Amino acid sequence: MTEVVSDNLSPVWIKSLDVDYMFEEQQTFLVEIYDVDDPNRLMVLHEHDFIGSYQFTLGKVVSSKGQEITGNLTGPKLKANSQSKVTIHGSEKKPDYGAVMATF
């Protein structure tokens with residue numbers, strides 16, 4: 001779970017998730033979007049309205065131009081021609097080359 005964006009038809013989430021990219025593995029992720037009715041009961045998903053989901057692979061993100069992909073949300077209440085989309089941004093975190101390691 002990331003965060004809740006209140007009363008917004010085009011929410012932008014700020015929190016990021018750090019994951020290790022393993023080139024030799026297919027790493028699949030699923031984003032699910034809910035309309036939350038009671039923020040005090042976030043983890044009880046069946047009490048909220050499911051908007052839709054989007055499944056993607058990390059490989060697709062890192063190999064895309066600008067490390068960004070946009071996909072259509074799918075869900076039982078969404079019409080086939082729905083304009084509901086989600087955009088996934090990736091960024092590479094490089095190791096801290098300024099850190100000093102010493103062995104004694």
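Counting only residues at least eight positions apart within a chain, or on another chain, the lysines with an alpha carbon under 18 Å from that of K77 are K85. Computed from the alpha carbon positions, the gyration tensor of the chain leads to an equivalent ellipsoid with semi-axes of 32, 19, 12 Å, biggest first.
The alpha-carbon of K94 sits under 26 angstrom from the alpha-carbons of these lysines, leaving out residues fewer than 8 places away in its chain: K15, K60, K65. With helices as the sole contributors, the chain gives -1000 deg cm²/dmol at 222 nm; each DSSP H run of n ≥ 4 counts as -39500 (n - 2.57), and the sum is divided by every residue. Amide hydrogen proximity for I51: with H placed 1.01 Å from N in the peptide plane, the residues at 5 or more positions away or on another chain lying under 5 Å are I33, Y34, D35.
At a Förster radius of 30 Å, what calculated FRET efficiency corresponds to the Cβ-Cβ distance of F50 and H89, to the nearest 0.05? Display every interim value, and only then the final one.
Values: r = 23 Å, r/R0 = 0.78.
That pair, F50 with H89, gives E of 0.80.
When only Cα pairs below 8 angstrom with a gap of at least 6 residues are kept, the chain shows a relative contact order of 19 percent.
For Q27, the residues 5 or more places off, or on other chains, whose built amide H falls under 5 Å of its own are L58, G59.
Throughout, read-outs are computed from the coordinates displayed, never taken from laboratory work. All of these numbers come straight from a predicted model, not from anything done at the bench. Heads up, the Cβs are rebuilt from the backbone with ideal geometry, glycines too, and the neighbour counts pull from every protein chain shown.
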